[in-house]
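Below is one structure, written out as C-alpha coordinates; the observations come after it.
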Amino acid sequence: MRPDFLIQKRIQKDNKFAVAEDYASKMAAISQVTHWFEGKQKFDFAETEKRSSEFIKQEMNSCNEELKIRRRTRLRNLYEAEAKAYEAELASLGLAVQRHLY
(Lines give C-alpha, C1' and ligand atoms only; values in the text may rest on other atoms or scores of the structure.)
Protein backbone atom coordinates (compact mmCIF):
# COMPACT_ATOMS: atom_id res chain seq x y z
CA MET A 1 0.00 0.00 0.00
CA ARG A 2 1.23 3.43 -0.93
CA PRO A 3 1.83 5.86 1.88
CA ASP A 4 -0.69 8.42 0.50
CA PHE A 5 -3.34 5.82 -0.40
CA LEU A 6 -5.85 7.01 2.18
CA ILE A 7 -5.30 10.64 1.20
CA GLN A 8 -5.81 9.81 -2.50
CA LYS A 9 -8.93 7.82 -1.63
CA ARG A 10 -10.31 10.78 0.34
CA ILE A 11 -9.50 13.18 -2.53
CA GLN A 12 -11.37 10.91 -5.01
CA LYS A 13 -14.33 10.72 -2.64
CA ASP A 14 -14.34 14.50 -2.20
CA ASN A 15 -14.16 14.97 -5.99
CA LYS A 16 -17.17 12.67 -6.46
CA PHE A 17 -19.08 14.64 -3.83
CA ALA A 18 -18.11 17.91 -5.54
CA VAL A 19 -19.35 16.61 -8.92
CA ALA A 20 -22.59 15.39 -7.34
CA GLU A 21 -23.08 18.71 -5.54
CA ASP A 22 -22.45 20.64 -8.76
CA TYR A 23 -24.97 18.45 -10.59
CA ALA A 24 -27.52 18.93 -7.79
CA SER A 25 -27.13 22.71 -7.90
CA LYS A 26 -27.59 22.70 -11.70
CA MET A 27 -30.73 20.60 -11.35
CA ALA A 28 -32.05 22.93 -8.63
CA ALA A 29 -31.47 25.94 -10.91
CA ILE A 30 -33.22 24.19 -13.81
CA SER A 31 -36.10 23.25 -11.52
CA GLN A 32 -36.43 26.83 -10.32
CA VAL A 33 -36.47 28.19 -13.89
CA THR A 34 -38.99 25.55 -14.97
CA HIS A 35 -41.22 26.36 -12.00
CA TRP A 36 -41.06 30.08 -12.83
CA PHE A 37 -41.83 29.45 -16.52
CA GLU A 38 -44.81 27.19 -15.78
CA GLY A 39 -46.17 29.72 -13.30
CA LYS A 40 -45.72 32.50 -15.86
CA GLN A 41 -47.59 30.51 -18.50
CA LYS A 42 -50.45 29.85 -16.10
CA PHE A 43 -50.54 33.52 -15.09
CA ASP A 44 -50.39 34.67 -18.71
CA PHE A 45 -53.28 32.36 -19.60
CA ALA A 46 -55.29 33.59 -16.62
CA GLU A 47 -54.51 37.22 -17.51
CA THR A 48 -55.54 36.67 -21.13
CA GLU A 49 -58.71 34.91 -20.01
CA LYS A 50 -59.46 37.76 -17.62
CA ARG A 51 -59.00 40.35 -20.36
CA SER A 52 -61.12 38.29 -22.74
CA SER A 53 -63.96 37.88 -20.25
CA GLU A 54 -63.72 41.58 -19.35
CA PHE A 55 -63.96 42.48 -23.03
CA ILE A 56 -66.96 40.18 -23.48
CA LYS A 57 -68.70 41.76 -20.46
CA GLN A 58 -68.03 45.23 -21.83
CA GLU A 59 -69.35 44.24 -25.28
CA MET A 60 -72.48 42.70 -23.76
CA ASN A 61 -73.16 45.85 -21.73
CA SER A 62 -72.70 48.00 -24.84
CA CYS A 63 -75.01 45.72 -26.85
CA ASN A 64 -77.64 45.83 -24.11
CA GLU A 65 -77.50 49.62 -23.99
CA GLU A 66 -77.77 49.90 -27.77
CA LEU A 67 -80.69 47.46 -27.80
CA LYS A 68 -82.51 49.53 -25.16
CA ILE A 69 -81.99 52.68 -27.20
CA ARG A 70 -83.27 51.00 -30.35
CA ARG A 71 -86.32 49.59 -28.56
CA ARG A 72 -87.16 52.97 -27.03
CA THR A 73 -86.87 54.62 -30.45
CA ARG A 74 -89.08 52.00 -32.12
CA LEU A 75 -91.64 52.25 -29.32
CA ARG A 76 -91.68 56.05 -29.56
CA ASN A 77 -92.18 55.81 -33.33
CA LEU A 78 -94.97 53.27 -32.83
CA TYR A 79 -96.73 55.53 -30.32
CA GLU A 80 -96.42 58.52 -32.66
CA ALA A 81 -97.76 56.49 -35.62
CA GLU A 82 -100.68 55.21 -33.56
CA ALA A 83 -101.44 58.73 -32.33
CA LYS A 84 -101.41 60.08 -35.89
CA ALA A 85 -103.64 57.22 -37.06
CA TYR A 86 -106.05 57.88 -34.18
CA GLU A 87 -106.13 61.59 -34.95
CA ALA A 88 -106.70 60.83 -38.64
CA GLU A 89 -109.55 58.48 -37.71
CA LEU A 90 -111.09 61.15 -35.51
CA ALA A 91 -110.62 63.77 -38.26
CA SER A 92 -112.47 61.52 -40.70
CA LEU A 93 -115.38 61.51 -38.25
CA GLY A 94 -115.19 65.29 -37.89
CA LEU A 95 -113.71 65.16 -34.40
CA ALA A 96 -110.40 66.38 -33.00
CA VAL A 97 -108.21 65.86 -29.96
CA GLN A 98 -108.10 68.84 -27.64
CA ARG A 99 -104.63 69.42 -26.27
CA HIS A 100 -103.98 71.34 -23.10
CA LEU A 101 -101.23 73.83 -23.80
CA TYR A 102 -100.21 75.68 -20.69
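The values are calculated or read from the model by the stated rules, or taken from the named source; none is laboratory data. Everything numeric in this text was worked out from a predicted model, so none of it was measured. Cβ placement follows ideal geometry from the backbone for every residue including glycine, while neighbour counts extend to all protein chains displayed. Remember, those area values only see protein heavy atoms, side chains included, never the ligands or the DNA or RNA. Shrake-Rupley method; radii C 1.70, N 1.55, O 1.52, S 1.80 Å.
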Calculated Cα extents along the principal axes in Å (choose from (i) 48, 35, 23; (ii) 34, 30, 24; (iii) 138, 26, 7), label: (iii)
Pairwise Lys count, the chain - Cα closer than 23 Å, eight or more residues apart or different chains: 7
Mean residue ellipticity (222 nm) of the chain, computed from DSSP H runs ≥ 4 via -39,500 (n - 2.57), nearest 500: -33000 deg cm²/dmol
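Let me know the charge dipole size of the chain about its Cα centre in debye, to the nearest 20, where only the beta-carbon of Lys, Arg (+1) and Asp, Glu (-1) is charged.
Details: 19 positive and 16 negative charges, 83 e Å.
Dipole magnitude for the chain comes out near 400 debye.
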Carbon plus sulfur fraction of accessible area for the chain, probe 1.4 Å, in percent: 59 percent
Average accessible area per residue (Å²) across the chain - probe 1.4 Å, nucleic acids and ligands excluded: 100 Å²
Farthest toward positive dipole pole in the chain [+1 Lys/Arg, -1 Asp/Glu at C-beta], among Ala96, Ala28, Ala46: Ala28
